[in-house]
Amino acid sequence: MAKFDNKFDLKVATKPLYAGVGATDLAVERVRGFVTGAQKRVADAQKNVRKVELEPKALRDQAVTQVNARVGALEKRVSEAQADAKATVGGAYDGLVTRGESLVTRIRRQESTQAATSSAKTATTKAKTANTQATKATKSTAKTTADTAKRTAATKSAPAKSSAKATGTAAKQTATNAAQATSDAAAKVGD
């Protein structure tokens, strides 16, 4: 059987996870920004619609002006994107790790996540209790005669049944709290 080194560094091991969470958060933020910008450009374009002259020379001049303006804007956006990409690549991984860690920390601190964690611990404890009581009842009945076993089972299995019911209730509460925590966490992504 393999032995594991106790000097496992959790912080190093979680960096890729945090980087992935940070990358996802950054992507959502960028897409939201792009959509907002596109909506603004469409609204601005609708405001700036003017009558088009139908003279060929005027149409040509307008087309040349529009094309030149758009090419200039496109060149500017490309150079900005290149500069942004270079800057992002420089510290991207560490930035994504920090961003992801921050998001995970916010999600862990929210009330619904803490309620889900607490419910899960309660359900685990109750399941262990039910298992222990059932094991004790089984061992006790195996050591006695058939008549004593029937009486013992009737009296000792009642706590086990009660514990099993409490475990089911705790598990349902855990599921409800986990669903709420998931909804709250999804709302935080991209903020």
**OP:** Could you figure out which of (1) farther than 30 Å from A13 by Cα; (2) modelled with pLDDT under 75; (3) part of a helix (DSSP H, G or I) isn't true of K57?
**Re:** (2)
Original post:
Any chance the range 20-43 includes a residue that's loosely packed, with under 11 Cβ neighbours inside 10 Å and at pLDDT below 75?
Top reply: no
Original post:
From the residues in the range 86-116 that are free of Cβ contacts under 8 Å to residues at least 12 places away in the same chain and more than 13 Å from A185 (Cα to Cα), which one is surrounded by the most Cβ atoms within 10 Å (Cβ to Cβ)?
Top reply: A92
Subject >> Any hit, the range 178-188, residues being among the hydroxyl-bearing types (S, T, Y), touching a helix residue (DSSP H, G or I) at 6+ places or on another chain (Cβ under 8 Å) and at pLDDT 75 or above >> reply: yes
Subject >> Residue within the range 135-151 that is surrounded by fewer than 13 Cβ atoms within 10 Å (Cβ to Cβ), at pLDDT below 75 and acidic (D, E) present >> reply: yes
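The values are calculated or read from the model by the stated rules, or taken from the named source; none is laboratory data. Model, not experiment: these values are computed from the prediction. So basically every Cβ, Gly included, is an ideal-geometry build from the backbone, and we count neighbours across all protein chains shown.
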